[in-house]
Structure formats: C-alpha cells, structure tokens
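The structure's right below; bear with me while I get my questions together.
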Amino acid sequence: MDQGKSWRRQDHAGAIVLLALAMVAALTIGWTGFIASDDSLYFVGADHWLTDPPFAGDNHWATRFPLLWSFAGMLMVFGRNFTAFAATALLWYAALIAMVGLFAARIGGARTGWIAAMLAATLPVVVSNATTVGVDLLETMLLLGGAWLLGEGGVGRAAMLRGLAAGVLFGTAILCRETSLLSLVAMGPLFLIGRPVSRGSLIAAGLGLALILGGEALFQWLLTGDPLRRYDIAFHHDSHIDRAANHEGNFLLHPAIDPVLVLFINDDFGLLFWVASLAVLINRQNLLPAGRAGPMIVLAAMAAADFLLVAVLTEKLVLNPRYFMLPAILAIILIALWMGRSGGWWRWPLLGGMIAINLLMLSVGNAHPRWEMEALLAASKAHPAEMVSGDPVMVRRAALPMRFAGRANLRPVPTQPGGLVLAPQSIAPAGVVLARYPSPPTPLGGLIDSVGGRAFVPSPLQRRMFTPNQTMLLVRMPR
C-alpha cells in the first residue's frame, strides 16, 4: 500500500503523459473516420433532433437517443461537418478510458488504474470504434459504471441509491443498444445468491432501469401511440443472421469453440486474453484485494453472461469482437491487477510488449474500407463541371461528404456516352483512362514500403498490406 501511494505521488504526471502518448499513437495508427455506414444514419437522427425535435426515431439507429443527443450537441458546437463526427467518437473513447482507469484504480490502486487505462486506450477493438460515431464505447462505459456502483455494496440508504443509479446507467445502456440486456441476465444469479450485492440494491437497480425504460416508453406513446415502438423496430431490424457473416475477421473452426477462438485469435484483441489467462493461473489466489472484490465480481458475472449468450445466439448475433467488449474490459482489469500489485521487473516489458502488439494489430487494418467512395469524392473534386458516375451504393454513401463539400456532381451508373465513370480496375469499362486511384496501403504496409521492405513480405500478405482495396479507374466513355 505504501508503495502504491509513493508511486502515485511521484509518477502521477508521468503516467498522464504516457497515457496521452499511448492514446495519440493508437488513434493516429488506427484512425478510420467516416465510413458511410451506421455513422451516416446517426447523423440523420441527430440532425433531426436539431431541426424538428422531439424525434421518436424511424429506424433502428434513430432510437439510440443517448448517442444521438451527444452527437447533436457536437453538431451544435462544431457545425454540420466531420469535426463533429470526430468529436463525438473521441468523447466516448476518452470517457471509456477514464471509466476503465478509475474502476481499476478503485480496486487495485493508482498504478493498476493507469495500466488498465493504457491497455484499454490501445486495444484494437476499442480504437476501431473510437474514430467513427458508434454506440459501442458509450454502451460499454454505461455497463461498466453500473457494475461499479452495484459492486460497491454497502447497506442502508447509500446502497439503495447506488443501486438506483446503477439501474439508471443500465437502462441508458439499453437505450443505446438492446443487446445490453444480455449482460444484465447476470443479475438473476446475483439476486439468488444475495452476494456481493444485496437483494435490496438489485431491486433498487431494477427500479432505476424501469424508470429509464418506462420514461422512453412514455415518450414513444406520446409521440407515436406505441409505447413499445423501439423494440418492434429492433426485433425486425435483422430477422436472421447468416452465419457466414461471422467469418469477417474471425478464425473459425466449429460453432462449439468459435466464440473462444474469437477472443484468442483475433486482431481486435491481440494478446489480451492470453495474458489475462496467464494472470489468473499465476496469481489466482491473490488477484483481488480483500474487501474490494465486489465490483469485479459483478463485472465478471456480466461479462460471462454476455459471452455465453452471444455465443449461443449465433442465428441472431454475429460473432463480432465488439459484442465481447465487456469480457475484454474484464481481461484488461485482471491483467492490470496482476501487474499493478506485483513488484517484478518483468511487468513493464510485458506492458510495453502488449501495447506494442496492440499498435501492431491496429497497423495491419485497412484504414480505407470505403476506398471506392473516397475515390468518387476525389474524382468529383477533380472534375467539378462534369457528372461522375459510379456504383449506386457508393454514390449513396458519398451523399453526406458531397453535401458537406458543397458539390452535387455524382450520379449512379449507367453514364452517358462521353461521360465519366469510376469503377474498380477489374471491371472498368473500355474507354480513355483519365486517372488512377491506387489503394493506400495499411499503416504497417506503408511503413514497410517506405524503407524498401516490400520484397521481403511473403506474397500472400502483400495484397492485404500494400493494396487492401482495388485500384479505381476514372474512365471517359466513348461517344
């Protein structure tokens, strides 16, 4: 304990600098930005709250009010531009990192908190959701905060108020995404056991949750006449998930073990679950400080419920790493407790190695997943006096950037004789090629290429690292 206090006095400022550097490095390497997917739908919903409030939401994304309100606030501050997008994403990234650090510090001291914050700040599954507007980090922060409040335990009025506040956070998380209910299934066993959370606190949490969900139902009823409208929209959003979607970024062998493989063999988690398993095996007897284990037990129960239910609901949920955010946060805090309470010299090289692996995993990702759309925008800017034709889906995705840029010279194919069309090189039509838009490499690919190392990269990896997208051609069609 004295060692922790001494470290806190002497190195607090240094830890802040290291965390800031880790965050900047992770965001710089992993930056994706606007991807013309869910983020464009969130913009429409947030903008509606500014132009014609109140807005009940007319689709799955427009009913996620906590995110929409924060996004609308950023639009008010920065205007309707991509700065507001980035500010919204970074707001919830910073909030989650702070929550993880404070949660861990409450259990294991300041050193543990800083270690947890640095691991969370560089974890690819966190950073990949930190540069574009999405609900994942906000939802995780709310669930983690609720677990903390419940796990503090206690008796009397203070415990009831903490339970009520936890329920409010849980209810707000559900408004962000209904899948938050999966982790809250853990409250059932905790209620039956009566530890480490009293049944009274859990009842209070239920009241807090009902307050939020009941308020939202009342809001929907007043505006639409249907108090359960958001759930009707959510349940019909995807009536069936094709299991083939699980192959996106995952190494899968058999449904019985695939969820475990997602945790242990995936770019989004690096070595996290391997090191967490090692921490539990080596230090399982002394991992949790006496008297402070409550929040960790609640978090572990929620993470286990989340993992198990996502694992079995393969026809409703894709095995996407972002659905395993709570297990990842649990693993981070377990590692931080192990490192933070150990006096061994090895902990700093291990922490540095884990952060380096996280950054490496970020650097192999494709930072331009909508390269065709980006090339369309570049072509429209280069030829402002002409219409540029392209794939209808990509033209639709480019609508918002075109609006922000004040241009309107994109249209879906087919194009007129003599007109301009942008298409992937493999399917580009015959005509005069006016411009080529080669795909940017991944961050790691760009670094290797800059030092002349491309020839040393195995050929099966070269396409993924140096040309992760097809080269786009701008073609003048024959007259």
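The values are calculated or read from the model by the stated rules, or taken from the named source; none is laboratory data. Just so we're clear, the structure is a prediction, and the values are computed from it rather than from any experiment. Positions of Cβ are backbone-derived with ideal geometry, glycine not excepted, and every protein chain shown enters the neighbour counts. We work out accessible area using only protein heavy atoms, side chains counted, and drop any ligands, DNA or RNA first. Shrake-Rupley method; radii C 1.70, N 1.55, O 1.52, S 1.80 Å.
For the chain, take the longest principal axis of its alpha carbons; what is the angle in degrees between that and the long axis of helix 65-78, to the nearest 10 within 0 to 90?
Around 60 degrees separate the two axes.
Moving on to the next point. Show me the ranking of peptides 442-454, 423-435, 351-363, 318-330 by mean Cβ neighbours inside 10 Å, starting with the highest.
Sorting 442-454, 423-435, 351-363, 318-330 by mean packing, highest first, produces 318-330, 351-363, 442-454, 423-435.
Would you work out which of Leu474, Gly145, Phe103 lies farthest towards the positive end of the dipole of the chain, given +1 charges on the beta-carbon of Lys and Arg and -1 on that of Asp and Glu, about the Cα centre?
Phe103
Something else now. Give me the one-decimal nm value for the distance between modelled label points at Gln416 and Leu287, 7 Å along each residue's Cα-to-Cβ direction.
Inter-label distance under the simple model: 6.8 nm.
Can I ask one more? Hey, what angle do you get for helix 199-224 against the long axis of the chain, alpha-carbon based, 0 to 90 degrees rounded to 10?
Here the helix axis deviates by roughly 30 degrees.
What is the helix-to-structure angle for 156-176, meaning the angle in degrees between its Cα long axis and the longest Cα principal axis of the chain, kept from 0 to 90 and rounded to the nearest 10?
Helix 156-176 and the main axis of the chain meet at about 20 degrees.
Of the DSSP beta bridges with both residues in the chain, give the percent that are antiparallel, rounding to the nearest 5.
Once the DSSP bridges in the chain are tallied, antiparallel ones form about 65 percent.
Can you give me the % of accessible surface on the chain that is carbon or sulfur? Probe 1.4 Å, all protein chains present, nothing else counted.
66 percent
Still on this structure, please answer the following. If you plug each phi of the stretch 460-469 into the Karplus form 6.51 cos²θ - 1.76 cosθ + 1.60 with θ = phi - 60°, what whole-Hz ³J(HN,Hα) values come out, in order, with x for Gly and Pro?
x, 8, 5, 5, 5, 8, 9, 9, x, 10
Averaged per residue, what accessible surface does the chain expose to a 1.4 Å probe, in Å²?
Numbers: 21640 Å² over 479 residues.
Averaged over the residues of the chain, the accessible area is 45 Å².
Read phi for every residue in the stretch 427-435 and hand back ³J(HN,Hα) as whole Hz from Karplus 6.51 cos²θ - 1.76 cosθ + 1.60, θ = phi - 60°, with x for Gly and Pro.
Coupling constants for the stretch 427-435: 10, 5, x, 5, x, 8, 7, 8, 7 Hz.
A follow-up question, please. Just how large is the dipole of the chain about the Cα centre, in debye to the nearest 20, putting +1 at every Lys and Arg Cβ and -1 at every Asp and Glu Cβ?
880 debye
I need the phi-derived Karplus couplings for the stretch 328-338: 6.51 cos²θ - 1.76 cosθ + 1.60, θ = phi - 60°, integer Hz, Gly and Pro marked x.
Calculated HN-Hα couplings, in order: 5, 5, 4, 4, 4, 5, 4, 5, 4, 5, 5 Hz.
OK, next. If I take R0 = 45 Å and measure r between the Cβ atoms of Ala210 and Trp345 in this structure, what FRET efficiency does the formula 1/(1 + (r/R0)^6) give, to the nearest 0.05?
Computed FRET efficiency for Ala210 and Trp345 comes out at 0.30.
Taking H as built 1.01 Å from N, whose amide H comes closer than 5 Å to the amide H of Ser389, not counting residues under 5 places away?
Under 5 Å from the amide H of Ser389 lie the amide H atoms of Arg411, Leu420, Val421, Leu422, each far enough along the sequence or on another chain.
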